[in-house]
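Beneath this line is the structure, given in C-alpha cells, with notes to follow.
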Amino acid sequence: MRVLFLASLCPKTGNCTTAERIRCHIEAAGHTCILRNSADIKERSDVTTLLAQESGVEAALAIHLYKGGRHLLDLQVPFGIVFGGTDVNEDVKDEKKRAVMERVLKKARFAVAFTPQMKEEAESLLLSESSKIRIQPQGIKTQAASDFSWSDFLISSADCFQMKVLTPAGS
C-alpha cells in the first residue's frame, strides 16, 4: 500500500522525530510511505497535485488535526490522524481551528493519541466519536542483552559520577 504521510518536518523537533519513527514503522510493515512536510502545503489543491504526481496512493496519515489533517479533508482516500500536543493545548483555543479539527476528526477513519490523558483531553475539547481515538504509547521497546549485569552496570555508572578532589599546585 502507498501511504501519503503529512507532518511538520522542522529538523530536530519532536514532530520530525515522531514522523520519522512512524514512517519507518510503515515501511517495515511492507508499505510505501510518502512523507511530506505539511508546512509546504499552502492549499488543499496542493495535496491533489501531490496525489497526481504520486500515483497509487491508497491511504493518508497526518500528525496534528489542524496542521496536517486539514489538508486531507478533500481526499477521496481513507485517512488517519495522530494527535499532537499542539492540538489539545493550543489550536483548540481558536474557534476557527477547532471547527476544522472537528471536521477532520469526524472524517478520519481513526485517530491516535499517545497517552490516555491526551485522549481524554481530545474527547472533552472536541466533538468526537471516542471509539475512533486509540491510544498508542509513543515509546520504544528495549530488551537487555542476555549477559547484561545490573551490578556491573551500576558500579560502572557510579564510577562516572565520583568527584575527584584536586589539590592546588604546590600544596
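The values are calculated or read from the model by the stated rules, or taken from the named source; none is laboratory data. None of the values given here were measured: they were computed from a predicted structure. No Cβ is skipped: glycine too gets one built from the backbone with ideal geometry, and neighbour counts run over all protein chains shown.
Could you grab me the full set of residues in region 94-120 that are acidic (Asp, Glu) and under 27 Å from Arg44 (Cβ atoms)?
Across region 94-120, the qualifying residues are Asp94, Glu95, Glu102.
Considering only region 124-147, state which residues are modelled with pLDDT of 75 or more and outside any helix (DSSP H, G or I).
Those that are modelled with pLDDT of 75 or more and outside any helix (DSSP H, G or I): Leu126, Ile133, Arg134, Ile135, Gln136, Pro137, Gln138, Ala145, Ser146, Asp147.
Identify, please: which residue in region 74-95 is of a type in the set (A, V, I, L, M), surrounded by 15 or more Cβ atoms within 10 Å (Cβ to Cβ) and at pLDDT below 95 and is, among those, farthest from Gln117 (Cα to Cα)?
The selected residue is Leu75.
If I ask for residues that are among the basic types (Lys, Arg), more than 13 Å from the chain's Cα centre (by Cα) and either under 17 Å from His64 (Cα atoms) or at pLDDT 90 or above (or both), which ones from region 1-35 would you list? Lay out the reasoning, then the answer.
First, pick out the residues of region 1-35 that are among the basic types (Lys, Arg): 2, 12, 21, 23.
Still in the list and also more than 13 Å from the chain's Cα centre (by Cα): 2, 12.
Once the filter is applied, which keeps residues that are among the basic types (Lys, Arg), more than 13 Å from the chain's Cα centre (by Cα) and either under 17 Å from His64 (Cα atoms) or at pLDDT 90 or above (or both), region 1-35 yields only Arg2.
For (1) assigned to a helix (DSSP H, G or I); (2) β-branched (Val, Ile, Thr); (3) over 16 Å from the mean Cα position of the chain (by Cα), each residue gets a yes or a no:
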| residue | (1), (2), (3) |
| --- | --- |
| Asp87 | yes, no, no |
| Val92 | yes, yes, yes |
| Lys96 | yes, no, yes |
| Ala99 | yes, no, yes |
| Glu102 | yes, no, yes |
| Leu105 | yes, no, no |
| Ala111 | no, no, no |
| Ala122 | yes, no, no |
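List the pairs whose first member sits in region 83-103 and is over 21 Å from Ile135 (Cβ atoms), whose second member is in a helix (DSSP H, G or I), and whose Cβ atoms are under 7 Å apart, counting only residues at least 6 apart or on separate chains?
Between residues of region 83-103 that are over 21 Å from Ile135 (Cβ atoms) and residues that are in a helix (DSSP H, G or I), the close pairs are Lys97/Asp91; Arg98/Val92; Val100/Arg70.
Name the single residue that is modelled with the lowest pLDDT among those in region 148-159 being surrounded by fewer than 10 Cβ atoms within 10 Å (Cβ to Cβ) and closer than 30 Å to Glu20 by Cβ.
Ser157
With a cut-off of at least 3 residues that are aliphatic (A, V, I, L, M) and free of Cβ contacts under 8 Å to residues at least 60 places away in the same chain, name the strands (runs of 3 or more DSSP E) lying wholly within region 1-70.
Numbers: elements: 2-7, 32-37, 57-63.
Answer list for region 1-70: 57-63.
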